[in-house]
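Below is one structure; the comments refer to it alone.
The values are calculated or read from the model by the stated rules, or taken from the named source; none is laboratory data. The shown structure was predicted, so the numbers you read here are calculated from the model rather than taken from an experiment. Here Cβ is always computed from backbone atoms with ideal geometry, including for glycine, and neighbour counts include all displayed protein chains. Accessible surface is based on the protein model in full, side chains and every heavy atom, while ligands, DNA and RNA are left aside. Shrake-Rupley method; radii C 1.70, N 1.55, O 1.52, S 1.80 Å.
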Amino acid sequence: MMYPYQITSFEAYQEAYKKSVENPELFWEEVASHFVWKQKWDKVLDWNFSEPSIEWFKGAKLNIIENCLDRWVETQPNATALIWEPNDPKEPHRILSYKELHEEVCKFANVLKKNGAKKGDRICIYMPMIPELTIAVLACARIGAIHSVVFGGFSAQSISDRIHDAQCNIVITADGAYRGNKTIPLKSIIDDALINCPSVDNVIVHSRTGIPVSMIKDRDVWWHEEINSLDKNTASICHAEIMDAEDMLFILYTSGSTGKPKGVVHTCGGYMVWTNYTFVNVFQYQQGQVHFCTADIGWITGHSYIVYGPLSAGATSLMFEGIPTWPDAGRFWEIVEKYKVDIIYTAPTAIRSLMSFGKAPVEGKDLTSLKVLGTVGEPINEEAWHWYDDNIGDNKCPIVDTWWQTETGGILISNLAGVTTAKPSFATLPLPGVQPVLVDEQGKEINGNEVSGNLCIKFPWPGMLRTTYGDHERCRLTYFSTYKNLYFTGDGCMRDKVGDYRITGRVDDVLNVSGHRIGTAEVENAINMHTGVIESAVVGYPHDIKGQGIYAYVICNALHEDETHTKQDISQTVARIIGAIAKPDKIQFVSGLPKTRSGKIMRRILRKIAEGELSNLGDTTTLLDPSVVEEIKNNRL
Ligand code: WT7
């Protein structure tokens, strides 16, 4: 069998789980023995959650790219590593074998070195979903540089903050990106971002759209020119840097309940083992199958289940540049038919959006190649689950509802396709190595079944975050200080009578809009940048397609003649400061916010009003000015 650690029966799952809890070191050592290491570890695990300090495969040496490419070039050079489907179905697609991808990665790694990149450098990548994005990521890892991919929807300000935080010295971008019928001027956004980023010495620009760009002397170079200038005899030879298992592999920024996004850090050894193990087991990947993860590589889902998980398993990974609804809402299903996709992994928000177009876009498409369906990013409602099951899986494909986070590196709670039982709206059971606990507000563990609480994890798993870049204390405070000796996820969770887990959503001030994490404080800060705004409060509310929508209560300093205009200005400000994904869906002007006498905004009340639950607002007598509640209720949008 291809993956000796693939679990293929419920009994085997139970056995693996038991082993992983009783003797984690032995368990993970066995799994890790199936990877390529330059040197084996001295100790499998060393940890404490109080600092926190988490070290897996201590003392081991490796390069993750030798595991993702070189080993497959030896055994299956002509197997397809990457299938790329362009935004526009009329444009030709591209296919790269393991041998070809390896060659491209080595060439670009040499370009990076030529531009001054060294082991340990931080490199920002801001690119469209094209093969060169995957190549850039892998090339960084090959030379031991730490990549920080920034999603193409983020604003110049957001990029600038991230570059500054990580002190990146190189940026890799493209002239522009295609997204449906729009072209996004990536390079020009980068130029704006770099006005105040003195750490950046070089910008490498891939030509994707051909739109005009300004190339800055002594800073900007073209990707293709750099490749062409390499010595033909040695261009595709690039030594893979020998890394410590605990050296940083990448930084990925994610939002929290306070302040600016934090740079979640993942390291080489543990992340590799975890993404591979979860990929092979959750999706029950079989050699030769086509895996289509619809996420963008700018998010953790793309990092783990387009790039590292599949490639480290020698799989065929399909990346799609476009959006599900352009040129029409049949785009995903056309891709499934075209490449005989075996596994599709997408977000509930995409399913709900496609559902709204009815069955027509699915009809006539041959989806019989599909074997496994997956979802991630937010709780999936039963209606969407059944639509997916009936119309896409023809009731023949197991659906895996995979719960995890940027911080967890890979899937923590999910059924294993066809191996353990699926249950609509339940992520079901923890993977081997994952020890979930539910705790009450005081941090007391809630035992037994049919209980709810805050979801924590009490033992380390190889793929967990190690720190937040440049600020270890923030990592401790955010994840390891709420409850002693536990990793706190920020999610609420229910365990049903047979022990299956159902994630109920965030319990902190973090929103999940279309599967994207957005901090309410971050949106408020952006709104408050607008000159007309005195104060604001942002909450989430149920949204049919996005899961959660953004509802902003805003106090302005003057009476607005044209409210619609002011609202547009505020939205535009948010788009400029964060990105279009954070634009409020609703803006209500208010004369005051419900505050306690100590000045704390009562978000619970605002949330209830946004949700339309007007009758039971709870106790409002402790408010400084209870009358504002009436006004807000009466003018509710
Ligand atoms: C948050 C993490 C995991 C990659 C994409 C999002 C929510 C994620 C599920 C699920 C219910 C889910 C949680 C989590 N979430 N998957 N299957 N069921 N909720 O990564 O941006 O780090 O967000 O997404 O609330 O904490 P992220």
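Quick one: which helices (runs of 4 or more DSSP H) lie wholly within region 530-636 and hold at least 2 residues that are open to solvent by less than 30 Å² (accessible area, probe 1.4 Å) and touching a residue at least 40 places away in the same chain (Cβ under 8 Å)? Please lay out each step first, then the result.
Working: elements: 563-577, 603-611, 627-634.
The helices (runs of 4 or more DSSP H) meeting that bar are 563-577, 603-611.
Filter region 215-261 down to the residues that are open to solvent by 50 Å² or more (accessible area, probe 1.4 Å) and part of a helix (DSSP H, G or I), then identify the one that is farthest from the ligand (Cβ to nearest atom).
The selected residue is N228.
Got at least one residue in region 337-349 being of a type in the set (A, V, I, L, M, F, W, C) and within 13 Å of the ligand (Cβ to nearest atom)?
Yes, because at least one residue in region 337-349 is of a type in the set (A, V, I, L, M, F, W, C) and within 13 Å of the ligand (Cβ to nearest atom).
Could you grab me the full set of residues in region 483-506 that are surrounded by fewer than 17 Cβ atoms within 10 Å (Cβ to Cβ) and either within 16 Å of N449 (Cβ to Cβ) or near the ligand (Cβ under 9 Å from one of its atoms) (or both)?
Answer for region 483-506, where residues must be surrounded by fewer than 17 Cβ atoms within 10 Å (Cβ to Cβ) and either within 16 Å of N449 (Cβ to Cβ) or near the ligand (Cβ under 9 Å from one of its atoms) (or both): D496, K497, V498, G499, T504, G505.
Could you identify the single residue in R476, R466 that is open to solvent by less than 40 Å² (accessible area, probe 1.4 Å), more than 27 Å from F426 (Cα to Cα) and not acidic (D, E)?
Of R476, R466, the one residue that is open to solvent by less than 40 Å² (accessible area, probe 1.4 Å), more than 27 Å from F426 (Cα to Cα) and not acidic (D, E) is R466.
Within region 314-346, can you find the residues that are of a type outside the set (S, T, Y), more than 30 Å from E74 (Cα to Cα), touching a residue at least 40 places away in the same chain (Cβ under 8 Å) and open to solvent by 20 Å² or more (accessible area, probe 1.4 Å)?
Selection gives I323, W326, P327, E334.
I'd like to know if region 92-100 contains one or more residues that are assigned to a helix (DSSP H, G or I), within 30 Å of Y178 (Cα to Cα) and open to solvent by 30 Å² or more (accessible area, probe 1.4 Å). Write out each step before concluding.
Kept after step one, since they are assigned to a helix (DSSP H, G or I), are these residues of region 92-100: 98-100.
Next cut, within 30 Å of Y178 (Cα to Cα) only: 98-100.
Subsequent filtering for residues that are open to solvent by 30 Å² or more (accessible area, probe 1.4 Å) retains 99-100.
Yes, region 92-100 contains at least one residue that is assigned to a helix (DSSP H, G or I), within 30 Å of Y178 (Cα to Cα) and open to solvent by 30 Å² or more (accessible area, probe 1.4 Å).
Going by what's in this entry, would I399 be described as open to solvent by less than 10 Å² (accessible area, probe 1.4 Å) and within 16 Å of the ligand (Cβ to nearest atom)?
The answer is yes for I399.
With the requirement that a residue be touching a helix residue (DSSP H, G or I) at 6+ places or on another chain (Cβ under 9 Å), over 14 Å from P379 (Cα atoms) and outside any strand (DSSP E or B), what does region 509-527 give you?
Those that are touching a helix residue (DSSP H, G or I) at 6+ places or on another chain (Cβ under 9 Å), over 14 Å from P379 (Cα atoms) and outside any strand (DSSP E or B): D509, T520, E522, V523, N525, A526, I527.
In the set G393, G377, G433, G364, which member is open to solvent by 20 Å² or more (accessible area, probe 1.4 Å) and away from the ligand (no atom under 14 Å from the Cβ)?
Within the list G393, G377, G433, G364, the selection yields G364.
Among the residues of region 380-390, write down those that are part of a helix (DSSP H, G or I) and surrounded by fewer than 21 Cβ atoms within 10 Å (Cβ to Cβ). Step through it out loud before you land on a result.
Step one: list which residues in region 380-390 are part of a helix (DSSP H, G or I), which gives 382-390.
Matches in region 380-390: E382, E383, H386, W387, D389, D390.
Return the residue satisfying two criteria in turn: it lies in region 517-529 and is touching a residue at least 24 places away in the same chain (Cβ under 8 Å) and open to solvent by 40 Å² or more (accessible area, probe 1.4 Å), and of such residues it is nearest to the ligand (Cβ to nearest atom).
Among residues in region 517-529 that are touching a residue at least 24 places away in the same chain (Cβ under 8 Å) and open to solvent by 40 Å² or more (accessible area, probe 1.4 Å), the one nearest to the ligand (Cβ to nearest atom) is R517.
Got a sec? Which strands (runs of 3 or more DSSP E) wholly within region 1-90 have at least 3 residues that are in the same structural domain as R142 (by TED's automatic domain parsing) and open to solvent by 10 Å² or more (accessible area, probe 1.4 Å)?
The strands (runs of 3 or more DSSP E) meeting that bar number zero.
Considering region 141-155 alone, what residues qualify as being touching a Lys or Arg at 6+ places or on another chain (Cβ under 9 Å) and within 14 Å of K113 (Cβ to Cβ)?
I143, G144, A145
Starting from region 373-392, take each residue that is more than 25 Å from N281 (Cβ to Cβ) and list its partners that are more than 15 Å from the ligand (Cβ to nearest atom), counting only C-beta distances under 8 angstrom and pairs at least six apart or across chains.
If the second residue must be more than 15 Å from the ligand (Cβ to nearest atom), the pairs left are E383/M355; W387/M355; N391/K359; N391/V362.
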